[in-house]
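Reading through the structure tokens given below for one structure.
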Amino acid sequence: MSIPGDDIEVPPSLSRLAGGALLTPVWRNAIGGVTFRTDDGRYIKHGPRNAETTMAGEAARLAWAGAYTPVPHVLVHGADDRNEWMVTRAIPARSAVDPHWLADPATAVAAVGAGLRALHDALPVRDCPFDWSVPARVRAAKRRGIRLPLQRAAAPSVDRLVVCHGDACCPNTLLDDDGRFSAHVDLGALGVADRWADIAVAAMSTEWNYGPGWEGALLQAYGVAADAERMRFYRDLWNAT
């Protein structure tokens with residue numbers, strides 16, 4: 001994932017969604033999708049159809065999760081033969097990897113850890129219709145033709161079932177101006193799983209975004225001691241899929 005330049009070509013379908021609003025690209029994902037901010041308080045995600053997650057699926061997850069925790073409100077979503085899109089109302093907060101917070105990693109990492117714990121505590125497992133368990137992820141990988149190098153090692157026992165974010169990397173936590181967790185974004189894979197499926201990825205992503213040495217601070221902010229076996233397994237699964 002990266003921050004795109006200003007020379008991105010705006011497709012006609014996105015121009016129609018913008019409705020004359022000024023578009024500023026803010027994020028590009030690994031498959032070429034781009035998120036734009038408008039000057040009238042919206043965000044527009046636009047990109048190629050994805051075999052792993054869909055924006056329609058994310059819209060459904062946001063609608064469900066929004067009853068329990070702060071997430072973007074979906075205004076409209078849709079798709080054509082090649083692309084899909086989703087428009088959400090902007091949240092007055094900044095990503096944990098905004099330059100302001102990259103300059104203050106201690107505050108950012110603490111907010112990411114606390115925010116992830118708040119998400120896990122808020123979302124009701126019993127009522128969640130979405131699955132992100134190891135078997136579900138293995139089945140999804142096989143449908144996409146991915147052979148996972150995990151057959152020799154059985155998944156560790158479940159520590160605590162929660163509704164996981166599904167992409168708990170640091171950029172997907174928003175902070176308010178005081179450096180506190182404000183909301184989560186990019187919930188296209190949200191579903192029930194062991195909490196370590198999220199914790200392992202969140203801790204791993206601290207090094208990508210802030211440099212080495214921040215993993216312990218994230219675990220402390222979440223309120224859990226390191227679990228080397230579970231962290232290794234869920235990182236390997238993440239990297240393989």
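Here are some notes:
- Zero-based 5 Å bins, Cα pair distances in region 66-167, whole percents: 2, 9, 12, 15, 17, 18, 16, 10, 2, 0
- Pair A21, H100: separation of 7 Å Cα→Cβ label points (nm): 2.0
- In nm, spacing of pseudo-spin labels at N239 and R180 (7 Å Cα→C-beta vector): 3.7
- D_trans [Stokes-Einstein, Kirkwood Rh over alpha-carbon pairs] for region 32-108, 37 °C, 0.692 mPa s, µm² s⁻¹: 237
- Per-q log10 I(q)/I(0), the chain, q = 0.13 Å⁻¹ (Debye; single scatterer per alpha-carbon; no solvent): -0.81
- Separation of alpha-carbon centers, region 75-152 and region 205-235, rounded to whole Å: 17
- The long axis of helix 196-210 is offset from the longest Cα principal axis of the chain by roughly 60 degrees.
- Relative to the longest principal axis of the Cα atoms of the chain, the long axis of helix 134-143 lies at roughly 50 degrees.
- With the helix formula -39500 (n - 2.57) applied to DSSP H stretches of n ≥ 4, the chain reaches a computed 222 nm mean residue ellipticity of -10500 deg cm²/dmol.
- Rounded to 5, the percent of DSSP beta bridges in region 94-240 classed as antiparallel: 90
- Under a 5 Å amide H cut-off, with hydrogens placed 1.01 Å from N, R42 pairs with A90 among residues at least 5 apart or on other chains.
Every read-out reported here was derived from the displayed coordinates using simple, explicitly stated rules and does not represent laboratory data. Every value quoted in this text rests on a predicted model; they were computed, and no experiment measured them. Here the Cβ is made from the backbone with ideal geometry for all residues, glycine too, and neighbour counts use every protein chain on show.
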